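**Q** Dropping a structure here in structure tokens format, bear with me for questions.
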Amino acid sequence: MKPADLTGLTLKAARDGLATGRFSAEELAQAHIEAIAAANAHLNAFVLETPDKALAMARASDGRRARGEAGPLEGISLGVKDLFCTEGVRTTAGSRIIGEFVPPYESTVSANLWRDGAVMLGKLNMDEFAMGSSNETSAFGPVTNPWRAAGSNQRLTPGGSSGGSATAVAADLCLGATASDTGGSIRQPASFTGTVGIKPTYGRCSRYGMVAFASSLDQAGPIAKTVEDAAILLTSMAGHDAKDSTSLDVETPDFASFVGRSPKGLRIGVPKEYRLDGMPEEIARLWDQGVAWLKDAGCEIREVTLPHTRYALPAYYIVAPAEASSNLARYDGMRFGLRAEGGGTLTEVYERSRAEGFGEEVKRRILIGAYVLSAGYYDAYYLKAQKVRRRIAEDFDAAFLEVDALLTPTAPSAAFALGDRVSDPLAMYLNDVFTVTVNLAGLPGISIPAGLDTSGLPLGLQLIGRALDEGTLFTLGAAIEQAAGFRARPASWW
Ligand code: GLN
């Protein structure tokens with residue numbers, strides 16, 4: 001097969017091709033290495049390419065297959081978001097302050113992928129410490145979305161913070177990628193790039209070896225080309241891990257077995273509070289379309305209420321920065337990465353290292369976090385936000401007494417232009433309006449490409465499920481994928 005034919009495959013199709021010997025893992029890796037080499041100067045999806053490692057892993061994979069030891073992801077070429085620690089391979093979380101840190105250990109999620117036979121192509125760009133919705137806070141510069149509006153050359157954001165993961169998958173630079181989601185960072189980039197992204201239930205995937213942003217919200221998940229591919233990847237990534245005390249000690253189902261099941265009889269909730277004033281007409285229409293598809297597939301549709309929705313963003317932007325300010329206290333110029341030149345007292349070195357090492361958005365979050373946690377403000381802000389968080393979780397609990405899943409838009413817009421919102425943090429934060437509730441409640445959420453807007457840009461629909469019920473999301477997601485018949489691909493300009 002020609003290299004472009006190989007990179008154009010879904011993960012599932014590549015797995016079948018490897019199994020039947022139509023091509024080797026080495027050929028598959030080589031095709032992706034060439035695609036990355038040709039595209040990365042334009043898209044900036046990878047912050048580190050590891051072609052030698054990829055080829056060595058691919059050859060080892062071909063060896064295992066020849067010995068009859070093929071794992072579930074044997075020979076599959078993947079990208080890894082640069083906040084998963086990879087043993088012997090630089091890990092930066094998109095920040096200058098971590099510098100040239102080369103972890104002496106592997107994150108559990110990536111280790112699970114290699115255990116199952118996958119091959120690493122390199123590390124993917126992201127917003128600094130996963131703080132952002134446009135990939136513009138990265139110390140390595142923004143990622144460019146492979147999609148462009150019809151008749152325009154303007155560079156668009158792939159979303160964030162997993163912009164590198166979403167772009168790499170959408171542009172066929174890898175068969176799938178790891179990503180992470182604290183308030184929407186898997187689902188919003190998936191929506192902006194016509195890919196599938198799932199944030200599983202909090203605790204489904206181990207956080208061991210992931211650079212922390214907000215530990216009670218952070219969760220790993222895949223970005224993939226199809227619902228089935230996402231299910232295959234999540235099955236490998238998930239699982240109990242004694243090294244993360246918040247990791248859930250539950251069985252990981254074979255998620256792919258939920259793809260293709262009939263959604264008939266499932267009850268779908270449409271939360272009325274998500275119908276925002278001023279929501280773009282096209283998004284409202286696509287949402288209605290999604291409801292119609294599920295109804296046609298035999299689902300029962302009900303309107304539900306999530307009354308505390310409007311407090312979710314404010315609560316998130318207290319809880320997440322509070323945890324971030326605590327987690328990021330460790331970057332002091334002493335133990336990791338960057339240390340400011342010039343000596344001085346210990347405090348001066350701390351101050352200058354942190355001033356030089358962190359970007360604007362990260363500093364903003366640290367300041368907000370330190371403020372809401374400080375004596376005198378703790379009760380008014382942090383404690384209050386925790387109470388709101390409880391209410392939001394209770395809203396979902398009540399809704400899930402009546403329905404099996406919720407359907408919403410993933411994001412309030414299609415991909416916007418790079419540079420458009422960097423100077424307006426609040427406009428940037430509003431991107432997360434449909435996704436943060438899910439993190440606050442610890443629930444699973446999936447984004448599925450469902451259509452194009454009038455300028456030809458992809459739009460996603462989100463399904464939200466009960467805790468640990470990702471299976472239902474894969475069944476419903478596959479039903480939407482099939483009904484939408486989403487086949488559009490970005491035309492290559494890179
Ligand atoms: N955009 C959100 C933020 O900036 C969410 C990021 C994420 O999920 N990591 O906090």
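**Q** Compute the semi-axes of the equivalent ellipsoid of segment 381-425, taking the square root of 5 times each eigenvalue of the Cα gyration tensor, and list them largest first in whole Å.
**A** In descending order the semi-axes read 30, 20, 4 Å.
**Q** I want to check the label-to-label distance for Ser423 and Thr10. Put each point 7 Å from Cα in the C-beta direction and report it in nm to one decimal.
**A** For Ser423 paired with Thr10, the spin-label model returns 4.4 nm.
**Q** Tell me, what HN-Hα J-couplings in whole Hz come from the Karplus equation 6.51 cos²θ - 1.76 cosθ + 1.60 at θ = phi - 60° for each residue of segment 384-400, using x for Gly and Pro?
**A** Karplus-based 3J(HN,Hα) across segment 384-400 equals 4, 4, 5, 5, 4, 4, 4, 4, 5, 4, 5, 4, 5, 4, 5, 4, 6 Hz.
**Q** What value, in deg cm²/dmol to 500, does the helix sum -39500 (n - 2.57) over DSSP H runs of n ≥ 4 give at 222 nm once divided by the residues of the chain?
**A** Here the helix-only value at 222 nm equals -11500 deg cm²/dmol.
**Q** Run the 1.4 Å probe and let me know the accessible area of Arg391, rounded to the nearest 10 Å².
**A** It works out to around 110 Å².
**Q** Could I ask something else about it? List, in order, the whole-Hz ³J(HN,Hα) value for each residue of segment 415-428 obtained from phi through the Karplus relation with A = 6.51, B = -1.76, C = 1.60 and θ = phi - 60°; use x for Gly and Pro.
**A** Coupling constants for segment 415-428: 4, 9, 6, 4, x, 4, 10, 4, 8, 10, x, 5, 4, 5 Hz.
**Q** While we're on this one: Tally Lys and Arg at +1 and Asp and Glu at -1 over the other residues with C-beta under 13 Å from the C-beta of Gly359: what net charge comes out?
**A** Cβ neighbours under 13 Å give a net charge of -1.
**Q** Check each of the GluC sites (Glu not before Pro) in segment 99-171 and keep only those in coil by DSSP with at most 10 other C-beta atoms within 10 angstrom; list them in order. Display every interim value, and only then the final one.
**A** Numbers: sites: Glu100, Glu106, Glu128, Glu136; in loops: Glu100, Glu106, Glu136.
Here the GluC sites (Glu not before Pro) that fit, given the DSSP loop and packing criteria, are Glu100.
**Q** Using a 1.4 Å probe and counting only protein heavy atoms, arrange Tyr377, Tyr202, Tyr274 so the residue with the most accessible area comes first.
**A** Tyr377, Tyr202, Tyr274
**Q** Any chance you could get the radius of gyration and Dmax over the Cα atoms of segment 81-142, in Å?
**A** 12.0, 33
**Q** What's the Cα-based Rg to Rh of segment 373-494, Rh via Kirkwood?
**A** Details: Rg = 17.8 Å, Rh = 16.8 Å.
Across segment 373-494, the Cα-based Rg/Rh ratio is 1.06.
**Q** Can you work out ³J(HN,Hα) from phi for every residue in segment 20-33, in order, using Karplus 6.51 cos²θ - 1.76 cosθ + 1.60 and θ = phi - 60°, giving whole Hz and x for Gly and Pro?
**A** Values per residue, Gly and Pro as x: 8, x, 5, 7, 9, 4, 5, 5, 5, 5, 4, 4, 5, 4 Hz.
**Q** Here's a follow-up. Using the C-alpha atoms of segment 196-282, what convex hull volume per residue, in cubic angstrom, is computed?
**A** Cα convex hull per residue, to the nearest whole number: 173 Å³.
**Q** Another question, then. Within a Cβ distance under 14 Å of Pro200, other residues only, what is the Lys/Arg minus Asp/Glu net charge? Don't jump to the answer; show the numbers that get you there.
**A** Numbers: positive: Arg187, Lys199, Arg204, Arg207, Arg466; negative: Asp181, Asp218, Asp241, Asp244, Glu251, Asp469, Glu470.
Computed value for this residue: -2.
**Q** At a temperature of 4 °C and a viscosity of 1.567 mPa s, determine how fast the chain diffuses translationally according to Stokes-Einstein, using the Kirkwood radius over alpha-carbon pairs as Rh; express D in µm²/s, rounded to the nearest whole number. Write out the running numbers ahead of the final one.
**A** Details: Rh = 22.3 Å.
Taking Rh from Cα pairs, D becomes 58 µm²/s.
**Q** Distance from the Cα centre of segment 440-494 to that of segment 57-84, in angstrom?
**A** Cα centroid to Cα centroid, the span is 27 Å.
**Q** Cα centroids of segment 364-395 and segment 224-251: how far apart, whole angstrom?
**A** Cα centroid of segment 364-395 versus Cα centroid of segment 224-251: 30 Å apart.
**Q** For Gln386 and Leu276, compute 0.36 nm times the residue count separating them, minus their Cα-Cα distance, and round to one decimal in nm. Mind showing how you got there, number by number?
**A** Numbers: separation 110, 0.36 × 110 = 39.60 nm, distance 2.42 nm.
Result for the pair: 37.2 nm of gain on full extension.
**Q** Working out 0.36 nm times the residue gap between Leu468 and Ala355, then minus their Cα-Cα distance, what length gain in nm do you get to one decimal?
**A** Stretched fully, the Leu468-Ala355 segment lengthens by 36.6 nm.
**Q** Ok, one more. Taking only protein heavy atoms into account and a 1.4 Å probe, give the accessible area per residue of the chain in Å².
**A** That works out to 37 Å² for each residue.
**Q** Want the number for Asp254 to Arg335: 0.36 nm per residue separation, take away the alpha-carbon distance, what's left?
**A** Stretched fully, the Asp254-Arg335 segment lengthens by 25.1 nm.
**Q** While we're on this one: Once amide H atoms are placed 1.01 Å from N in the peptide plane, what residues at a sequence separation of 5 or more from Val304, or on another chain, have their amide H within under 5 Å of its amide H?
**A** Those qualifying (amide H under 5 Å, at least 5 residues apart or on another chain) are Val270, Lys272.
**Q** Here is a further query. Is segment 402-452 rounded, prolate or oblate when judged by the Cα gyration tensor, a ≥ b ≥ c being the square roots of its eigenvalues, rounded requiring a/c under 1.5 and prolate requiring a/b larger than b/c? Provide the component values of the computation, followed by the final result.
**A** Values: a/c = 3.35, a/b = 1.65, b/c = 2.03.
Judged from the Cα gyration tensor, segment 402-452 comes out oblate (a/c at least 1.5, b/c at or above a/b).
**Q** At a 1.4 Å probe, what is the % contribution of carbon and sulfur to the accessible area of segment 346-469?
**A** On the way: 2900 of 5030 Å².
With neighbouring chains kept in place, the figure for segment 346-469 is 58 percent.
**Q** Sort largest first and round to whole Å: the equivalent ellipsoid semi-axes of segment 114-269, each the square root of five times a Cα gyration tensor eigenvalue.
**A** On the way: eigenvalues 130, 79, 43 Å².
Here the semi-axes work out to 26, 20, 15 Å.
**Q** Here's something else I'd like to know. With an 8 Å Cα cut-off and a minimum separation of 6 or more residues, compute the relative contact order for the chain in percent. Please list the in-between numbers first.
**A** Details: 1203 pairs, mean separation 87.1, N = 494.
Contact order relative to length: 18 percent.
**Q** With a ≥ b ≥ c taken as the square roots of the eigenvalues of the C-alpha gyration tensor of segment 413-480, please select rounded if a/c is under 1.5 and otherwise prolate if a/b is larger than b/c or oblate if it is not?
**A** It comes out oblate by the Cα gyration axes.
**Q** Rounded to whole Å, give me the distance from the Cα center of segment 1-27 to that of segment 124-164.
**A** 28
**Q** Give the accessible area for Tyr382 in Å² (nearest 10); use a 1.4 Å probe, count only protein heavy atoms, and leave out ligands, DNA and RNA.
**A** Number for this one is 30 Å².
**Q** Stokes-Einstein D for segment 206-358 at 4 °C, 1.567 mPa s, Kirkwood Rh over Cα pairs, in µm²/s?
**A** 64
The values are calculated or read from the model by the stated rules, or taken from the named source; none is laboratory data. No experiment lies behind these values; they were computed from the predicted model shown. Here Cβ is always computed from backbone atoms with ideal geometry, including for glycine, and neighbour counts include all displayed protein chains. Calculation scope for accessible area: heavy atoms of the full protein, side chains included, ligands and nucleic acids excluded. Shrake-Rupley method; radii C 1.70, N 1.55, O 1.52, S 1.80 Å.
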